[in-house]
Amino acid sequence: AAKAAGRGALRFFEIEMDVAAQARRALELDLRHAMARGELQVYFQPIVDLSTDRFAGCEALLRWKHPTRGFVSPAEFIPIAEETGLIIPIGEWVVGEACAMAAGWPRDMRVAVNLSPVQFKDPHLPMRIIGALSRTGLPASRLELEITETAVLQDSEATLAAMHQLQHLGVHMSLDDFGTGFSSLSYLRTFPFQKIKIDQSFTRDLGRDPGALAIVRAVSAMGKDLGMHIVVEGVETQEQLDLVRREGCSEVQGYLLGRPMTNEALCALIAPEEPAQVGAQAGA
Ligand code: C2E
Ligand code: MG
Ligand code: MG
Ligand code: MG
């Protein structure tokens with residue numbers, strides 16, 4: 001009887017797997033058409049410079065509004081795009097959109113675009129970036145590329161070569177989600193990063209877990225000595241903002257400062273010379 005029950009459980013598991021695989025396959029088919037059907041949109045989340053309390057730039061975050069499922073999380077569809085290679089055309093489109101919109105902003109803020117490790121395997125990546133900059137007229141110095149440790153790990157030599165080419169153009173590079181992957185501090189010496197983005201999992205525990213604060217403090221001190229800026233992601237509370245400010249971090253990003261929003265909403269928010277209000281009083 002136990003054996004039969006075991007088989008039953010296994011069968012049930014197989015059915016569940018089938019259902020998940022089919023759902024994934026359906027999503028993949030929809031994603032193939034999402035760009036042409038205008039279902040993709042780039043949102044922007046402001047990043048505040050703590051030395052001036054003003055918006056320094058924005059991170060471009062991809063949104064997919066599925067016709068029946070509503071918004072699908074990038075955590076769900078980016079991996080599909082990476083496995084199918086769709087990330088190449090989609091990623092190029094994001095870079096183009098982000099540059100075009102940033103070129104039209106009422107202030108000279110930077111735009112940060114996430115790049116997948118798969119895009120770094122594409123030998124045409126630097127050319128695609130140059131193309132987007134020249135088409136939109138955005139100066140290279142206003143573009144930042146965010147790369148996770150995974151990209152650095154997957155094909156170090158090709159990634160390093162592409163990064164050097166991009167750096168030569170004046171494009172800045174940030175190490176995203178720092179502290180979550182199989183980090184090796186040697187990356188920080190080998191790869192030309194100007195910024196380290198401390199992952200939101202550390203920010204979340206600030207004020208609760210002394211370990212999280214110790215890590216933010218250590219990374220901030222190390223960044224300063226290496227000549228890199230430290231950006232803290234996922235700042236949701238005034239307490240977190242006060243703590244990271246005290247630790248000397250350069251920039252902050254999170255729901256407290258602003259949620260990801262449409263370009264239209266962003267332009268209304270950054271009306272020329274309007275200072276960022278959030279947290280302005282915190283340094284006093
Ligand atoms: P990421 O690059 O680390 O982006 C930050 C994520 O944190 C975003 O999630 C953002 O909405 C979220 N976030 C910002 N502030 C807060 C906060 O205060 N609290 C919390 N809980 N979350 C906050 P999102 O937009 O869902 O994107 C998730 C991930 O998907 C991104 O992580 C990035 O790795 C990837 N992604 C998004 N857009 C693109 C893209 O255009 N290309 C590539 N390759 N990946 C992308
Ligand atoms: Mg990012
Ligand atoms: Mg991140
Ligand atoms: Mg992330």
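The values are calculated or read from the model by the stated rules, or taken from the named source; none is laboratory data. Just so it is clear, the structure is predicted and the values come from calculations on it, not from any experiment. Counting neighbours? That spans all protein chains shown, and the Cβs are built from the backbone with ideal geometry, glycine included.
When you scan the range 152-174, do you find a residue that is away from ligand 3 (no atom under 16 Å from the Cβ), hydroxyl-bearing (Ser, Thr, Tyr), in a helix (DSSP H, G or I) and surrounded by 19 or more Cβ atoms within 10 Å (Cβ to Cβ), even just one? Yes, because at least one residue in the range 152-174 is away from ligand 3 (no atom under 16 Å from the Cβ), hydroxyl-bearing (Ser, Thr, Tyr), in a helix (DSSP H, G or I) and surrounded by 19 or more Cβ atoms within 10 Å (Cβ to Cβ).
From ILE130, ILE88, which residue is within 30 Å of ALA161 (Cα to Cα), within 12 Å of ligand 1 (Cβ to nearest atom) and over 16 Å from the mean Cα position of the chain (by Cα)? So that I can check it myself, show each step before the final result.
Numbers: ILE130 fails: within 12 Å of ligand 1 (Cβ to nearest atom).
Result: ILE88 is the single residue among ILE130, ILE88 that is within 30 Å of ALA161 (Cα to Cα), within 12 Å of ligand 1 (Cβ to nearest atom) and over 16 Å from the mean Cα position of the chain (by Cα).
THR203 - would you say it is within 15 Å of ligand 4 (Cβ to nearest atom) and either on the phi < 0 side of the Ramachandran plot or not in a helix (DSSP H, G or I) (or both)? Yes: the conditions hold for THR203. Screening TRP105 against (1) of a type in the set (A, V, I, L, M, F, W, C); (2) in contact (Cβ under 8 Å) with a residue 60 or more places away in the chain; (3) within 16 Å of ligand 3 (Cβ to nearest atom) leaves a single unmet condition, (3).
If you filter the range 206-234 down to residues that are surrounded by 16 or more Cβ atoms within 10 Å (Cβ to Cβ) and among the charged types (D, E, K, R), you find that the one that is farthest from ligand 2 (Cβ to nearest atom) is ARG217.
Among the helices (runs of 4 or more DSSP H) lying completely within the range 53-132, list those that include at least 3 residues that are in contact with a His (Cβ under 8 Å, 6 or more places away or on another chain) and of a type in the set (Phe, Trp, Tyr). First the steps, then the outcome.
Working: elements: 74-84, 87-103, 117-120.
Hits in the range 53-132: none.
What number of residues in the range 60-107 are charged (D, E, K, R) and closer than 19 Å to LEU125 by Cβ?
Step one: list which residues in the range 60-107 are charged (D, E, K, R), which gives 63, 65, 69, 76, 82-83, 92, 97, 107.
Then drop every residue that is not closer than 19 Å to LEU125 by Cβ, which leaves 82-83, 92, 97.
Residues meeting the conditions: 4.
Condition check ((1) in contact with an Asp or Glu (Cβ under 8 Å, 6 or more places away or on another chain); (2) within 14 Å of ARG110 (Cβ to Cβ); (3) of a type in the set (D, E, K, R)) across all residues:
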position	(1), (2), (3)
LYS121	yes, no, yes
PRO126	no, no, no
ILE129	no, no, no
LEU133	no, yes, no
ARG142	yes, yes, yes
GLN154	no, no, no
GLU157	no, no, yes
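Residue count for the range 235-260 under the criterion of being touching a residue at least 40 places away in the same chain (Cβ under 8 Å) and either under 23 Å from PHE193 (Cα atoms) or more than 16 Å from ligand 2 (Cβ to nearest atom) (or both): the result is 11.
Yes/no matrix, rows are residues, columns are (1) among the aliphatic types (A, V, I, L, M); (2) touching a residue at least 12 places away in the same chain (Cβ under 8 Å); (3) within 16 Å of ligand 1 (Cβ to nearest atom):
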position	(1), (2), (3)
ALA21	yes, no, no
MET35	yes, yes, yes
GLU39	no, yes, yes
ILE47	yes, yes, yes
ALA60	yes, yes, yes
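Just so you know, in the range 168-198 the residues that are modelled with pLDDT under 95 and among the small types (Gly, Ala, Ser) include one that is farthest from ligand 1 (Cβ to nearest atom), and it is SER186. What are the residues in the range 133-151 that are over 17 Å from the mean Cα position of the chain (by Cα) and either closer than 18 Å to GLY91 by Cα or buried (at least 19 other Cβ atoms within 10 Å of the Cβ) (or both), if any? Selection gives LEU133, SER134, ARG135, THR136, LEU138, ALA140. Of the residues making up the range 184-194, one or more are surrounded by fewer than 21 Cβ atoms within 10 Å (Cβ to Cβ), among the polar types (S, T, N, Q) and assigned to a helix (DSSP H, G or I).
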